Amino acid sequence: MTDGWLKDPQKFWAVRFHREPQSGHKDVRVLVDHGRKVAQDQPALLKSRRNMRYEDAISLYKELQNIGWTHCEAVW
């Protein structure tokens, strides 16, 4: 599974979907990081991190797309 990135319609916040490294093959978990890039030479500002089941993460990804979030390149 590769990282998935979405940006909000105002292009201010970003969400990163990536696999939880310790999750098993049968119970795949996904980390969902919500944050934004502050400045080129500074680390990203992470607002929240959620640990979700794979199916729930897919649902969230699709829901965000339905309300206007768009796929983007890696932000941080």
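Structure notes:
- In the range 4-71, Cα pairs under 8 Å separated by at least six residues give a relative contact order of 33 percent.
- Calculated from backbone phi, Karplus (6.51, -1.76, 1.60) coupling profile of the range 31-40 in Hz, x at Gly/Pro: 8, 10, 9, 10, x, 7, 7, 8, 8, 4
- Averaging 1/r across all pairs of distinct Cα atoms in the range 4-71 and inverting the result yields a Kirkwood radius of 12.6 Å.
- Using alpha-carbon coordinates, inclination of helix 54-66 to the longest axis of the chain, degrees: 40
- Distance between the pseudo-spin-label points of ALA74 and LYS62 (7 Å out from Cα toward the beta carbon): 2.7 nm.
- With contributions of -39500 (n - 2.57) from each DSSP H run of at least four residues, the per-residue ellipticity at 222 nm computed over the chain stands at -5500 deg cm²/dmol.
- In straight-distance terms, cross-link reach from LYS47 covers every one of the aspartates and glutamates whose alpha-carbon lies under 15 Å from its own, apart from those fewer than eight places away in the same chain; here that gives ASP8, ASP33.
- Inter-site label distance for PHE12 and ASN51 at 7 Å from Cα along Cβ, in nm: 3.0
- Taking the fewest neighbouring Cβ atoms within 10 Å as the starting point, the ordered list for GLU20, GLU73 is GLU73, GLU20.
Computed from the coordinates by the stated procedures, all read-outs in this text should not be read as laboratory data. It should be emphasised that the depicted structure is a prediction, and the values quoted were computed from it without experimental measurement. Note: ideal-geometry Cβ built from the backbone for every residue, glycine included; neighbour counts use all protein chains shown.
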